[in-house]
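Asks: Got a structure for you, written out below as structure tokens; questions coming shortly.
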Amino acid sequence: MAAIKKPKKLKQVKVKMKFSWKNIVIYAFLLLFAAFIFMGLSQPSGSQPFAETKTVPLSQIISDVKAGKVTSITVDPNKITAAEKNQTLQSFKESSSNVYQLFKDAGVGLNNTKVVVNDETTINNWINLLSGVLPILLMVGFFYFIFRQARGAQESVFSFGQSKAKLFSKDTPRVSFGDVAGVDEAKQELTEIVDFLKNPGKYKAMGARTPKGVLMVGPAGTGKTLLARATAGEAGVPFFSMAGSEFMEMLVGVGASRVRDLFNTAKKSQPAIIFIDEIDAIGRQRGMGLMGGHDEREQTLNQILVEMDGFAPTEQLVVMAATNRPDVLDPALIRPGRFDRRVMLDMPDVQGRKAILSIHARGKPFDKAVSWERIAKRTVGFSGADIENMLNEAAILAARLGKKAIDMKDLEEAATKVKLGPEKRRLQSEEDRKMTAYHEAGHALVSWYMPNMDPVHRISIVSRGMSLGHTMMEPVEHLHETKSHLIEQIAVMLGGRAAESLVFKEMTTGASDDIAKATEVARTMVVEYGMSDLGPVNLDPEAKTPYDKPQVSPEMAAKIDEQVKKFTDAGYKSAVTVLSKLRGKLDLLAEELLKRETIEQEDFEKIIGPKKALAKVTA
């Protein structure tokens, strides 16, 4: 016998309603409007709303009452309504006359007729009262609203100069160094700041000066803000956080006023940490503005310089700032005595990525077959924010598919989505799919052929982002880039165009992004790395600011273009040579791509074979 399921208890939802003067006035108007509508549509008691109503002289109603045709009479202040069997008669009278006296004078009694008298005296009194009081209330409410708005605007003007920094006190959920990974050297640098804020006495005994500022420099997503919060959490001190753009307003002097208010507030709570995110928004080099050298941004910067110079030796206040553009900061801001330390944050290495994965994997169910070592190697070039986003995308994907745990397939798809974008099932012709298949097969085979290139991780002709397909390598981290490796990269980038020319005797627009990247690598080799025939000279013609002059002459710029073309031509010729030798494997791989759409590393090696180095490409 099947067990009877108990009905689920319905959850009680509590609805909270907020009352305000504005809502009360609106509700009052609605009630008054409804009351007037009701009064206008209401029918007199005893009337027959669906019977025909005729307006007749009062004498006819008196005659009908005398003849016994009237069943009831409704008396209003200025009219009389008589209800008969098939019709309703209506006649007007003076509001001061008495209906009983009228019928008595006519010699007709009302003893056998039902009489209903509607007394509208109370309603009329209310209407008269409202018509006299309501305009006054409306005027009072209007002026109150105007005065309140004016007062709010005045208070907001005086509050412009107040700091808008977010305060993370000791009671706020604390972030510690255990919540930050992949930046061990940076944490070691900041450990001394934590120790100073906790134990300032031992440093003062040795005559050590208070570190005034710490500038954290690194790419976006490497954890600069998180590391600053973790420093305050380890030290157990208040943390005042504010973005550089929040100092700026439309009024002159507001930025400087907010800087003063921020430092005064922090000094009252010392020991404390002030954190300014994206400091390059206000800390750019002075005198480079288009409108002269004394604008609002420079006043704000000047005030920061003054405040940091005004630290007394006994004050326990540290200013931390973050930027990914240290080259544009004013020299007076980053000199010793203001920002004494510069902490560099780089993209995490494989060990750092494993540690970041372990932090962000907390609270998520994972399959036992997940290889964190493989995921860490798979995510070369990912920042901490990218890794957190990847794990979140994997969790969303697993939940959408109804899984109970996140597996390797979900993580692989999430990593590809973060790097290239989501899949797009575009409607393509067979000719377009064939061109894309040969294009991606060309990239993969040239990479498989080159001795210094990384192994192929995945090949796909499924559209993602702006690309119709992609070939992903399993990158091996290098501390140094060699000329041979860079030349091979150019050859791999141009492998798609080489395959199109070899197979279809045609060129397509699909190689535009590959050509741009190959040209960028070649130009960097010439102008920055000194790997061309021009010698070990920095020939970067890009001006650092609009006021800088180009560093090379027109003749040298022409020579640079010639060397760049030499590298790209050599890479293209190498790709054509490789694919001509491997034409059979190229056709085989393209056919498999058209069937499967996506080929992983294991299947690629089964089709083509293990990675080989058949020749060494030189330029």
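Asks: What is the magnitude of the charge dipole of the range 350-420 about its Cα centre, with +1 placed on the Cβ of each Lys and Arg, -1 on the Cβ of each Asp and Glu, and no other charges, expressed in debye to the nearest 20?
Replies: Using only the charged Cβ atoms, the result is roughly 120 debye.
Asks: How would you order 175-181, 586-592 from highest to lowest mean count of nearby Cβ atoms within 10 Å?
Replies: Highest-to-lowest ranking by the protection proxy: 586-592, 175-181.
Asks: Further question: Quick one: dipole size for the range 436-504, taken about the Cα centre, charges +1 on Lys/Arg Cβ and -1 on Asp/Glu Cβ, in debye to the nearest 20.
Replies: Charge dipole, the range 436-504, about its Cα centre: 180 debye, nearest 20.
Asks: Between beta-carbons, use under 13 Å as the cut-off and find the net charge around E315, counting Lys and Arg +1, Asp and Glu -1.
Replies: Spelling it out: positives minus negatives among the neighbours equals +3.
Asks: On the principal axes of its Cα set, how long, how wide and how thick is the range 423-608? Give whole Å, largest value first.
Replies: Sorted largest first, the three principal extents are 55, 33, 31 Å.
Asks: Same structure, new question: Taking the alpha-carbon distance from K573 and a cut-off under 14 Å, which aspartates and glutamates remain once sequence neighbours fewer than 8 residues away in the same chain are dropped?
Replies: Output for K573: E488, E500.
Asks: I need the calculated FRET efficiency for the pair V537 and K403, taking r as the beta carbon distance and R₀ as 56 Å, to the nearest 0.05.
Replies: 0.45
Asks: Let me ask you something else. Excluding A181 itself, what net charge comes from residues whose Cβ is under 10 Å from its Cβ, given Lys and Arg +1 and Asp and Glu -1?
Replies: +1
Asks: If we sort 255-263, 478-486 on the protection proxy, mean other Cβ atoms within 10 Å, highest first, what's the order?
Replies: Order by mean packing, descending: 255-263, 478-486.
Asks: Further question on the same structure: Using modelled amide H (1.01 Å from N, peptide plane; none on Pro or chain starts), what sits under 5 Å from the amide H of V319, excluding residues fewer than 5 places away?
Replies: G213, V214, I274
Asks: Sequence-distant or interchain residues sharing an amide H contact under 5 Å with T88, placed H: which?
Replies: The list, which skips near neighbours in sequence, is E52, T53, K54.
Asks: Rank by packing, highest mean first: peptides 277-286, 137-146, with packing defined as the count of other Cβ atoms within 10 Å averaged across residues.
Replies: Result, highest mean Cβ count within 10 Å first: 277-286, 137-146.
Asks: Another question, if that's okay. Under 19 Å Cα-Cα from K364, which aspartates and glutamates qualify once same-chain neighbours fewer than 8 residues away are excluded?
Replies: Partners found: D179, E373, D386, E388, E393, D407, D410, E412, E413.
Asks: In percent, what relative contact order does the range 423-608 have, based on Cα pairs under 8 Å that are 6 or more apart in sequence?
Replies: About 28 percent, as a whole number.
Asks: Return the long-range amide H neighbours of M473 (sequence gap of 5 or more, or a different chain), with a cut-off of under 5 Å between placed amide H atoms.
Replies: Amide H neighbours of M473: H457.
Asks: Right, another one. Past 19 Å, Cα to Cα, is the threshold; run K377/K419; K483/K565; K483/K606; K204/K224; K517/K566 against it and keep the listed order.
Replies: Too far apart for the 19 Å limit: K483/K606; K204/K224.
Asks: Could you compute the net charge surrounding R341? Neighbours are other residues with a C-beta less than 10 Å from the C-beta of R341; K and R count +1, D and E count -1.
Replies: Around R341, the surrounding residues sum to -1.
Asks: Here's a follow-up. For an R0 of 30 angstrom, estimate the FRET efficiency from the Cβ-Cβ distance between K566 and T509 and round to the nearest 0.05.
Replies: 0.75
Asks: Can you compute the charge dipole magnitude of the range 423-608 about its Cα centre, using +1 on each Lys and Arg Cβ and -1 on each Asp and Glu Cβ, nothing else charged? Give it in debye, rounded to the nearest 20.
Replies: 360 debye
Read-outs: derived from the displayed coordinates by stated rules, not from any lab. Since we're looking at a predicted model, the values are computed, not measured. Neighbour counts are summed over all protein chains in view; Cβ atoms, including those assigned to glycine, are modelled from backbone coordinates with ideal geometry.
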